[in-house]
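Some notes on the structure that comes next.
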Amino acid sequence: MELFGFRLPEDFLIGTANSAFQSEGAWDRDGKSESVMDYYAREFAGKEVANQSAFVERSRYSEELPDRGCYFYDNYEAYIEDMQKTGQNTFRLALAWTRIIPTGFGEVNQKGIDFYNKVIDKFLTCGITLLVDLLHWDLPQCLMELGGYENPDFPKWFEAYAKVCFEAFGDRVKMWSTFNENAIAVTNGYFYGSFPPFRKDTRLGLLAAHHTILAHFRAVRAYRATNQGGKIGAVNCITDTTPAEPCEEDIGAVARQQEFTFGWWVQPMLEGTYPQRVLRECPVIRENMPENYQQDLDAWFAPMDYIGLNYYISQRTEYNPDTLLLSNRVESFYSTPGQSYASYPAGLFDVVQYIGDRYHNIEMYITENGCAMPNSGDEEKDCEDDARITYIREHLRSCARLIRAGYNLKGYYYWNDADSYEELDGYKLRFGLTWVDSKTGRRRWKKSRYYFSKICKSRLIN
Ligand code: NOJ
């Protein structure tokens, strides 16, 4: 064992990520239809909605629309060449269902397929392997109008879409993810009412959640049937959660939080069951479960190959009998009051350790981890992003420690590749390694990209 310094293994995947609705732009070109993210950004522009963060009750939807993203649709070649120069060996790419099957189910849009073929080929020519997401929140709005995740046909629609993608791209894509954070889409969409479709209905939320899990199984089975020889998993978010006070009630509250916000999605995907503790201890959840849910899980269960983890924040949790989970999230001692993205690099170690121990050291990837900074309006200042350098260094050190400790951590994707549209915040909150002028698409490497590049090339974290 090396005692000094931090080294990432040669076969470790290291790169950046982005999603379709946040990066592509061209939201209505070449046959693409409107997604829920396009639709609600228009519907709520400038208006107040409940906030998806645990710590801020309401926030104002940005007046800016995701129509331009970071101009990836038009500039993908330049973006990919930049990634090649960075020395990264991977990228996490999301496909837009609305580009591939604009009507949700039925006819395939050849122009959508052609676009992603060009993009995938360019990545491969540049020596960058892909992890491809089938759905990163941007469900076709036409499907949402039919009930979206609530509709019992949702798993079938998703399977049909997944099959089109496997057939079109599976010869070159060997790492797939079914859903990005369906926990957020469903929990915030149905329990907190802060995300499309902005409902507050526990019964429908549990049904919607169940359908996304069945949809995931169907896609996993369809993928295995192709014999394309790659891996398929799902991307979920996890928060490092500790008890607010050192007492048994708060420890129980932490367990319920973790088993609902994370375990509710990952445990069925790996073991075919919902977390018993939540069912036992949370009567509102138990009483609102879909009928015959266990029979459905038994009928469709297909374990996935890896877990994708989006890690950003830590939180403390206290017992509170008046909430769905009998637990309440309170701000962590690491955060600045009211700020939703407080950095806690040691938490990355904790969550990977927790999952590795809980799920037999399954293959894990950090599929998102990123530093949010406000757009100051001053290009020079925003490109001198020393705080982001510290953020990357410390989180990657946690990765190196985990690997050293024997955890099966196989990759890290910084979120995100370039300043893009952020749900609720528009272009005001930026995560990118590349600075982007949201009005023209002009790009410039930030200091953090040069730093990240050195790590990608040397595998050493200074
Ligand atoms: C997770 C989501 O997957 C991504 O779309 C979002 O931009 C980041 N969190 C940052 O909020």
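The values are calculated or read from the model by the stated rules, or taken from the named source; none is laboratory data. As the structure is a prediction and not an experimental result, all values here were calculated from the model. Cβ: placed from backbone, ideal geometry, glycine included. Neighbour counts: every protein chain shown. Note: accessible area is taken over every heavy atom of the protein model, side chains too, but ligands, DNA and RNA are not part of it. Shrake-Rupley method; radii C 1.70, N 1.55, O 1.52, S 1.80 Å.
Inspect the range 239-246 for any residue being under 18 Å from the mean Cα position of the chain (by Cα), within 16 Å of the ligand (Cβ to nearest atom) and open to solvent by less than 40 Å² (accessible area, probe 1.4 Å) and give the result as yes or no. Within the range 239-246, one or more residues are under 18 Å from the mean Cα position of the chain (by Cα), within 16 Å of the ligand (Cβ to nearest atom) and open to solvent by less than 40 Å² (accessible area, probe 1.4 Å). Of everything listed in (1) assigned to a loop (DSSP other than H, G, I, E, B); (2) open to solvent by 10 Å² or more (accessible area, probe 1.4 Å), the single unmet condition for residue 66 is (2).
Tell me whether the range 157-175 contains one or more residues that are in contact with a Phe, Trp or Tyr (Cβ under 9 Å, 6 or more places away or on another chain), open to solvent by 50 Å² or more (accessible area, probe 1.4 Å), without any contact (Cβ under 8 Å) to a residue 24 or more places away in the chain and more than 16 Å from the ligand (Cβ to nearest atom). Checked against the condition, which is being in contact with a Phe, Trp or Tyr (Cβ under 9 Å, 6 or more places away or on another chain), open to solvent by 50 Å² or more (accessible area, probe 1.4 Å), without any contact (Cβ under 8 Å) to a residue 24 or more places away in the chain and more than 16 Å from the ligand (Cβ to nearest atom), the range 157-175 yields no hits at all. Every test in (1) touching a strand residue (DSSP E or B) at 6+ places or on another chain (Cβ under 7 Å); (2) closer than 17 Å to residue 16 by Cβ; (3) buried (at least 17 other Cβ atoms within 10 Å of the Cβ); (4) at pLDDT 95 or above is passed by residue 422 save one, and that test is (4). Of all residues in the range 76-106, those satisfying the criterion of being under 20 Å from residue 38 (Cβ atoms) and of a type in the set (S, T, N, Q) are 98, 103. Of all the residues in the range 317-333, those that are touching a Pro at 6+ places or on another chain (Cβ under 7 Å) and not β-branched (Val, Ile, Thr) number 1. When only residues in the range 395-436 that are over 18 Å from residue 83 (Cβ atoms) and of a type in the set (A, V, I, L, M) count, which is farthest from the ligand (Cβ to nearest atom)? It comes out as 405.
On inspection, residue 450 passes the criterion of being more than 16 Å from residue 9 (Cα to Cα), open to solvent by 50 Å² or more (accessible area, probe 1.4 Å), aromatic (Phe, Trp, Tyr) and away from the ligand (no atom under 16 Å from the Cβ).
Scanning the range 367-412 for residues that are open to solvent by less than 20 Å² (accessible area, probe 1.4 Å), under 11 Å from residue 349 (Cβ atoms) and in contact with a strand residue (DSSP E or B) (Cβ under 6 Å, 6 or more places away or on another chain) turns up 399, 400, 402, 409. Taken over the range 114-137, residues that are in a helix (DSSP H, G or I) and either surrounded by fewer than 19 Cβ atoms within 10 Å (Cβ to Cβ) or within 16 Å of the ligand (Cβ to nearest atom) (or both) amount to 7.
Among the helices (runs of 4 or more DSSP H) confined to the range 368-462, the ones with at least 3 residues that are of a type in the set (Gly, Ala, Ser) are located at 386-404, 447-458.
Going residue by residue through the range 89-109, is there one that turns out to be assigned to a loop (DSSP other than H, G, I, E, B), under 22 Å from the mean Cα position of the chain (by Cα) and either charged (D, E, K, R) or over 21 Å from residue 30 (Cβ atoms) (or both)? Checked against the condition, which is being assigned to a loop (DSSP other than H, G, I, E, B), under 22 Å from the mean Cα position of the chain (by Cα) and either charged (D, E, K, R) or over 21 Å from residue 30 (Cβ atoms) (or both), the range 89-109 yields at least one hit.
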